[in-house]
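Below: the structure, in structure tokens.
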Amino acid sequence: MYSEKVMDHFEHPRNVGEIENASGVGTVGNAKCGDIMRIFLDIDDDGIIRDVKFKTFGCGAAVATSSMATELVKGKTVNEAMQVTNKAVMEALDGLPPVKVHCSLLAEEAIHAALWDYAQKKGIVIEGLEKPKSDIHEGEEQEEEEY
Ligand code: FES
């Protein structure tokens, strides 16, 4: 049911933890399943993501997608990090079962929330970044229908 990559990231998640005095922190939840995701970003003066950590109270697919998402944004600029969508994360993991697609949205939204926090603190605008939802359940049905 799950690809080898998903199992690998679930069993050995990368970048689990917290960053003290992070440049940006984002927390999102899904009221439907009760899962919560928090992402910490350490961004340098050039706008490059030097470090990223995550903590989750979430299912296995949420762990695997967040692990992969953190790997994909590390070392990128904040603008490049905007390209790390849940679809990109799922592709990097060789797919997810359709009922688990919403779990990958948790990772994407948590990164956006952390970028939003960073942008607010810095007083900058990140192209394409909208104010994140704290609960991804809104609009979720619509997303699921696309897959
Ligand atoms: Fe809630 Fe996966 S079931 S994030």
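Summarised as an ellipsoid, the range 36-120 has semi-axes of 21, 13, 10 Å, derived from the eigenvalues of the Cα gyration tensor scaled by 5 and square-rooted, with the largest first. Counting charges near Cys59 (Lys, Arg +1; Asp, Glu -1) among other residues having Cβ under 9 Å from its Cβ returns a value of 0. Charge dipole (Cα centre; +1 on Lys/Arg Cβ, -1 on Asp/Glu Cβ; no other charges) of the range 36-146 amounts to roughly 520 debye. Taking each DSSP H run with n ≥ 4 as -39500 (n - 2.57) and averaging over every residue of the chain yields -12000 deg cm²/dmol at 222 nm. Per-residue packing, averaged as other Cβ atoms within 10 Å, sorts the ranges 117-129, 26-38 into the order 26-38, 117-129, beginning with the highest. Evaluate the Debye formula for the chain with equal point scatterers sitting on the alpha carbons, no solvent, and hand back log10 of I(q)/I(0) at q = 0.19 Å⁻¹, in q order, two decimals. Computed log10 I(q)/I(0) values: -1.09. Placing a pseudo-label 7 Å from each Cα along the Cα-to-Cβ vector at Asp45 and Gln83 gives an inter-label distance of 2.7 nm. Shown for the range 48-95 is the translational diffusion coefficient from the Stokes-Einstein equation, using the Kirkwood radius over Cα pairs, a temperature of 20 °C and a viscosity of 1.002 mPa s: 194 µm²/s.
Readers should treat all values here as calculations from the given coordinates under stated rules, not as data from a laboratory. Just so it is clear, the model here is predicted, and its values are computed rather than measured. No Cβ is skipped: glycine too gets one built from the backbone with ideal geometry, and neighbour counts run over all protein chains shown.
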